[in-house]
Every structure is written in structure tokens, then in C-alpha cells.
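The values are calculated or read from the model by the stated rules, or taken from the named source; none is laboratory data. The model shown is predicted, which means the values in this text are computed figures rather than measured ones. Virtual Cβ from ideal backbone geometry, glycine too; neighbours counted across all protein chains shown.
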Amino acid sequence: MQLLISNSSKEPIYNQIKDQIKQKVLSGELQEGDALPSMRQLAKDLHISVITTKRAYEELEKEGYIYSIIGKGSFIAEQNVDMIKEKKLTAMEEKLIEVIANSKELGLSLKELKEWITILYEE
């Protein structure tokens, strides 16, 4: 499993890991029952602390994306199709809120923003 960590990002490393694994689940790249690397192995691969990977896995488990079996590892949990759709819509909404805030900071009108979205959507 390929994860990219940015040390220059304002986002904590555990969040970067969590978000990338969530994205892989939502995109279907990771599916129900797929095994994740052990916390130690992932920490070694990314050159980070095991505590950081542990926190990412704990957050993913709390949110229902993975489950862990002591002595066996962590696995992708069964995902409800409606739940996946809702999670994707929530993620989109969060990104759109950020885009709208940036647009307002730049002084773009709603019409201009719609034009940008239309152009990008049609590419």
C-alpha cells in the first residue's frame, strides 16, 4: 500500500495516513477484508513513529473503516454502499466549503465560481 507523507504539511501525519486510507476505501482500491500493513511495518516504511500509525489506525477503527484482531492485524471493514455515498458526499461538502471560502477571499462571484467548476467538470 502506497502512502505519501508530507513533513511540510500543516496536517498531522496521523491524519495524512488516515485520510489516504479512507480515500483508498472510498475509491474501492481497498476492499472489505483487505489486510493493512502492521502498525510497526507501516511506521518503518514511512520512517515515522509507531505511535503515529497506532493513532491513525485507532481513528480509522473508531470511524468504522477498519477493524483489528489481536495477533492477526488490521483489516478493511465491510462498507455499506449508502454509508460510502454519504461519506463521499460529506468529504465533497468539506472541500466545497473550503473552495467557496477561498473564492470569497479572492473576490470571485458565484457566477465566476460556477464557470470555473463547469470548465473543470467538463475536462
Looking only at the range 99-120, decide whether some residue is under 30 Å from N7 (Cβ atoms), at pLDDT below 95 and under 14 Å from the mean Cα position of the chain (by Cα). no
State which residue pairs qualify: first residue among the basic types (K, R) and inside the range 40-68, second residue modelled with pLDDT of 95 or more and assigned to a helix (DSSP H, G or I) in any location, beta carbons under 8 Å apart, and separation of 6 or more residues or different chains. R40/V50; R40/T53; K54/M39; R55/Y14
Tally time: how many residues in the range 1-37 are farther than 21 Å from K87 by Cα and modelled with pLDDT under 95? 9
Name the single residue that is surrounded by the most Cβ atoms within 10 Å (Cβ to Cβ) among those in the range 5-21 being charged (D, E, K, R) and within 15 Å of T53 (Cβ to Cβ). K18
Give all pairs with beta carbons closer than 9 Å in which a residue from the range 1-25 that is among the polar types (S, T, N, Q) meets a residue that is assigned to a helix (DSSP H, G or I) and at pLDDT below 90; count only pairs at least 6 apart in sequence or on separate chains. Q23/A91
Could you say whether any residue in the range 94-114 is in contact (Cβ under 8 Å) with a residue 40 or more places away in the chain and under 19 Å from Q16 (Cα atoms)? no
